[in-house]
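In what follows, a structure is listed as structure tokens, so that the remarks can point back to it.
The values are calculated or read from the model by the stated rules, or taken from the named source; none is laboratory data. Being a predicted model, the structure only gives us computed values, none of them experimental. Here the Cβ positions follow ideal geometry from the backbone for every residue, glycine too, while neighbour counts run over all protein chains shown.
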Amino acid sequence: MVTRTAVLIGLPLAAACFALSAGASTVPVAAGDYVRAGVQCRGAPFAATIHYDGRNFSGPHSSDCATTVVREHGARYALSSTCKAAGDASPARPYTEAETVRVKSASRFSFTHRTGAGAIDRADYRLCAGGRS
């Protein structure tokens, strides 16, 4: 009986895990260069930009990042990004950051993360349709 109970409990748990892994593996915004709200795309400073390649987020001080959706709740996505290079693509010690994205539309989102100094940085971003140049 214990085995049967474990199997009955195990099947829904396995189904729930499969549903979670089969859920959103990406954030539903367009790939491209994003700038902080209020900043012009043309000539935007790197500090005001985020790049999204359709799967991974990288910022002005990070590159070669792998972003994983940890949890989704409505339009809010809890992320974990592990980056292996600095913003200029020079090798760096890999580090992982927890981030939150709240999707406002296919071309706008709010991005929240903890800075290296421990402060929480939250900003709204919009897509630069033609890139930043």
Could we say that residue 130 is part of a loop (DSSP other than H, G, I, E, B) and farther than 18 Å from residue 51 by Cβ here?
no
Across segment 53-93, which residue is modelled with the highest pLDDT among those that are exposed (fewer than 15 other Cβ atoms within 10 Å of the Cβ) and of a type in the set (Asp, Glu)?
53
Of all residues in segment 100-133, how many are among the hydroxyl-bearing types (Ser, Thr, Tyr), surrounded by 15 or more Cβ atoms within 10 Å (Cβ to Cβ) and modelled with pLDDT under 80?
0
